[in-house]
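Colleague: This is the structure I have questions about; it appears just below.
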Amino acid sequence: MNIKNKNNVLERNNNNALIMITGPCSVESEQQVVDTAMQLKKTSVPFDILRGGIWKPRTRPNAFEGVGSRALAWLKKAGEMIGKPVGTEVATPLHVELCLSHGIDVLWIGARTSANPFAVQAIADALKGVDIPVLVKNPVSPDLALWIGALERINNAGVMQLAAIHRGFSTLDSGEFRNKPGWTIPIELKSRIPELPLICDPSHISGKRELIQSVSQEAVDLLFDGLMVEVHCNPDVALSDKEQQLTPAAFKQLMDSLKLKAETTEDSEFLRHITLLREDIDKIDTDIIKLLGERMERVEKIGDYKKKCNVAVLQPDRWKEILKSRIEQGEQSSLSSDFIENLYKLIHEEAFNRQERSS
Ligand code: PEP
Ligand code: MN
């Protein structure tokens, strides 16, 4: 990939500070974007780019789909009032054209668009010969090749101020997140294209305010180059993504809370390894829990037979035999007898309670 390292506004600066992009999910009115910008300025938190969505790709029709091109001038004005470049999402060549004619400084390609090579190529064609920084969000699905493909299409059009934004993935088991982080994917992207700045969007990963701090800290720990955080002057009445937008004051608290890590090679190696190992651990734990559930199902079936045949729930000999054999097995896997004894006491207690309940 051919990326400009000098004068790229998406690169970390000499102080190695994070690249910070912040502003509302959507530009809703001139007043709202100006108020948000002025309040952000008042916090004195350093940031690099004021963001605001003009055309909103919504999953369902009839949700607020953005104000459209008339809001471009409001965003630009808000940026000028606080002396910051402004950025917005583009999904079509017409969006690109309108942004360029309104002096928008930075563009990004959203997750729903980066998933579609036709749409990305059309945007790339519209960007030929234009020197504007472009950020490419990961596609909604956890598909690293598709993400890299989108970056390559934009880069091949001659865009050299390029960065990637990790905003999590839409998966069946997103857990507490709106979009599952799947950290191994952006980490793999960084190891394949180290010169590409990598920015995390904790707002769209989290989907709710409470998770934004921990996701941001994790991104910082993993040596991301920057953050894109949604901030609104009055999130409770926001027309899109209101659960995840922060007030400017909460944004300041977030930034004050982040503990920045030094960037050393050993560190990034170390973080890469532990992230992979933690993913292994998550998978193993999923298996352990599933197996425990299956074990308890058998226990309940035995309970039914005991009840039918009028046999006591507690079987001291069987319990002694279990404890003895499991401790021996544990030793073979370097697990202490204390640990196995405690673990099986808990399992046995639960099994006993379940059989008692049904007896
Ligand atoms: C956004 O940044 O407002 C947005 C729509 O994000 P994404 O494309 O990541 O869903
Ligand atoms: Mn949003």
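Colleague: Here is a check on your reading of the model: is Ser174 in contact (Cβ under 8 Å) with a residue 24 or more places away in the chain and of a type outside the set (A, V, I, L, M, F, W, C)?
Modeller: Taking the combined requirement at face value, the residue does not satisfy it.
Colleague: Would you mind finding the one in Val86, Val106, Val45 that is in contact with a Gly (Cβ under 8 Å, 6 or more places away or on another chain), more than 13 Å from ligand 1 (Cβ to nearest atom) and under 20 Å from Asp201 (Cβ atoms)?
Modeller: Working: Val106 fails: more than 13 Å from ligand 1 (Cβ to nearest atom); Val45 fails: in contact with a Gly (Cβ under 8 Å, 6 or more places away or on another chain).
It is Val86.
Colleague: Further, regarding this structure: Among the residues of the stretch 145-154, is there at least one that is farther than 17 Å from Ser191 by Cα, in the same structural domain as Cys200 (by TED's automatic domain parsing), more than 16 Å from ligand 1 (Cβ to nearest atom) and among the charged types (D, E, K, R)?
Modeller: yes
Colleague: May I pose another question? Tell me, yes or no, whether the stretch 320-337 has at least one residue that is more than 16 Å from ligand 1 (Cβ to nearest atom), part of a loop (DSSP other than H, G, I, E, B) and surrounded by 14 or more Cβ atoms within 10 Å (Cβ to Cβ).
Modeller: Checked the stretch 320-337: at least one residue is more than 16 Å from ligand 1 (Cβ to nearest atom), part of a loop (DSSP other than H, G, I, E, B) and surrounded by 14 or more Cβ atoms within 10 Å (Cβ to Cβ).
Colleague: Please specify each residue of the stretch 44-56 satisfying the condition of being within 15 Å of Met81 (Cβ to Cβ) and either outside the structural domain of Leu135 (by TED's automatic domain parsing) or surrounded by fewer than 23 Cβ atoms within 10 Å (Cβ to Cβ) (or both).
Modeller: none
Colleague: Cβ-Cβ below 9 Å, separation at least six or inter-chain, first residue in the stretch 82-108 and assigned by TED's automatic domain parsing to the domain that holds Val33 and among the basic types (Lys, Arg), second assigned to a loop (DSSP other than H, G, I, E, B) and away from ligand 2 (no atom under 16 Å from the Cβ): which pairs?
Modeller: Lys84/Phe47; Lys84/Asp48; Lys84/Asp105
Colleague: Could you list, in sequence order, all residues of the stretch 1-37 that are in contact with a strand residue (DSSP E or B) (Cβ under 7 Å, 6 or more places away or on another chain) and within 16 Å of ligand 2 (Cβ to nearest atom)?
Modeller: Residues satisfying the conditions are Ile21, Thr22, Gly23, Pro24, Cys25, Ser26, Val27, Thr36.
Colleague: A further question on this structure: Examine the stretch 128-142 for a residue that is in a helix (DSSP H, G or I) and either closer than 29 Å to Asp35 by Cα or under 26 Å from the mean Cα position of the chain (by Cα) (or both), and state whether such a residue exists.
Modeller: no
Colleague: Separate question: Within the set of pairs 6 or more residues apart or between chains, which connect a residue that is in the same structural domain as Asp48 (by TED's automatic domain parsing) and under 14 Å from Arg58 (Cβ atoms) inside the stretch 231-244 to a residue that is of a type in the set (Lys, Arg) and within 12 Å of ligand 1 (Cβ to nearest atom) with Cβ atoms less than 6 Å apart?
Modeller: Once the first residue is in the same structural domain as Asp48 (by TED's automatic domain parsing) and under 14 Å from Arg58 (Cβ atoms) and sits in the stretch 231-244, its partners that are of a type in the set (Lys, Arg) and within 12 Å of ligand 1 (Cβ to nearest atom) give Ser240/Lys56.
Colleague: Among the residues of the stretch 281-294, are any in contact with a Cys (Cβ under 8 Å, 6 or more places away or on another chain) and not small (Gly, Ala, Ser)?
Modeller: For the stretch 281-294, residues in contact with a Cys (Cβ under 8 Å, 6 or more places away or on another chain) and not small (Gly, Ala, Ser): absent.
Colleague: Here's another thing I want to ask about it. Need the failing condition index for Glu297 against (1) exposed (fewer than 13 other Cβ atoms within 10 Å of the Cβ); (2) modelled with pLDDT under 95, just the number.
Modeller: Unmet condition: (2).
The values are calculated or read from the model by the stated rules, or taken from the named source; none is laboratory data. Just so it is clear, the model here is predicted, and its values are computed rather than measured. When we count neighbours, we look across all protein chains shown, and the Cβ atoms used for this are built from the backbone with ideal geometry, even at glycine.
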